[in-house]
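Enquirer: The structure that follows is given in the form of structure tokens.
Computed from the coordinates by the stated procedures, all read-outs in this text should not be read as laboratory data. If you're wondering where the values come from, they're calculated on a predicted model, not measured in any experiment. Cβ placement follows ideal geometry from the backbone for every residue including glycine, while neighbour counts extend to all protein chains displayed.
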Amino acid sequence: ETGVTQTPRHLVMGMTNKKSLKCEQHLGHNAMYWYKQSAKKPLELMFVYSLEERVENNSVPSRFSPECPNSSHLFLHLHTLQPEDSALYLCASSQDPAGSKRDTQYFGPGTRLTVL
Amino acid sequence: DQQVKQNSPSLSVQEGRISILNCDYTNSMFDYFLWYKKYPAEGPTFLISISSIKDKNEDGRFTVFLNKSAKHLSLHIVPSQPGDSAVYFCAASGVSNSGYALNFGKGTSLLVTP
């Protein structure tokens, strides 16, 4: 595997379900990100992890819970979601610790989430 | 409030011609700009970037121009090829609570026709 991978690629869940999205980066990067892309909206930054510590949380509802067990893996735990949470969830990583300087982010393919 | 704007949701260009994608930003603190390309069912892939100390950066068929006074940047693709058909996102790096963060536009869908 190379680059940034995400599983699953598609997920359908009910509002009472609990599920997790997984992201893995094979680039040796030090920062990882979760973004949400809704229809006709720009990418919205949700969470930033730098050197495995959360450094930014952009007013995301608590029904989204991130976890970064090590520098290569990032999870997004989902519970009691709403239909309006249906979107494409993208993971990204960057070489330098987040916020240290301007840095290019590399994205995974995304998980298409549908909440019924 | 959206700080990075791509006002053209779509663009159609004939193969071999130049494609020009535009992007405007409002925050004068932005100092690093990137273009990403996205195919359906894939994540955005990095294409080209430019620092605010430059006004032009070229990489093969892709050139990005930056006009700081107008807070405007553009991506030129020449010659355009059918494989360039994708959604193009403009992003700008600015200072946030945690340092630098990327702010994205909504994207422009480019269609290159044979």
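Enquirer: What residue, among those in the range A:42-61 that are at the interface with chain B (Cβ under 9 Å from one of its Cβ atoms) and assigned to a strand (DSSP E or B), is surrounded by the most Cβ atoms within 10 Å (Cβ to Cβ)?
Expert: Within the range A:42-61, the match that is surrounded by the most Cβ atoms within 10 Å (Cβ to Cβ) is A:Val48.
Enquirer: For the range B:4-47, enumerate the residues that are of a type in the set (S, T, N, Q), within 14 Å of another protein chain (Cβ to nearest Cβ) and surrounded by 17 or more Cβ atoms within 10 Å (Cβ to Cβ).
Expert: Once the filter is applied, which keeps residues that are of a type in the set (S, T, N, Q), within 14 Å of another protein chain (Cβ to nearest Cβ) and surrounded by 17 or more Cβ atoms within 10 Å (Cβ to Cβ), the range B:4-47 yields only B:Gln6.
Enquirer: Among the residues in the range A:75-85, are any within 14 Å of chain B (Cβ to nearest Cβ) and surrounded by 15 or more Cβ atoms within 10 Å (Cβ to Cβ)?
Expert: No: the range A:75-85 contains no residue that is within 14 Å of chain B (Cβ to nearest Cβ) and surrounded by 15 or more Cβ atoms within 10 Å (Cβ to Cβ).
Enquirer: Mind checking which residues of the range B:28-48 are out of contact with any Pro (no Cβ under 9 Å at 6 or more places or on another chain) and assigned to a loop (DSSP other than H, G, I, E, B)? Give the steps one after another, and end with the answer.
Expert: The initial filter retains those residues of the range B:28-48 that are out of contact with any Pro (no Cβ under 9 Å at 6 or more places or on another chain), namely B:28-35, B:39-40, B:44-48.
Residues satisfying the conditions are B:Ser28, B:Met29, B:Phe30, B:Asp31, B:Tyr39, B:Pro40, B:Pro44.
Enquirer: Still on this model: Assuming A:Tyr33 fulfils every condition listed in (1) assigned to a strand (DSSP E or B); (2) over 22 Å from B:Lys106 (Cα atoms) apart from one, which condition is it?
Expert: Answer for A:Tyr33: the failing condition is (2).
Enquirer: Right, something else. For B:Asp55, state whether it is surrounded by fewer than 15 Cβ atoms within 10 Å (Cβ to Cβ) and charged (D, E, K, R).
Expert: Working: surrounded by fewer than 15 Cβ atoms within 10 Å (Cβ to Cβ): yes; charged (D, E, K, R): yes.
Spelling it out, B:Asp55 is indeed surrounded by fewer than 15 Cβ atoms within 10 Å (Cβ to Cβ) and charged (D, E, K, R).
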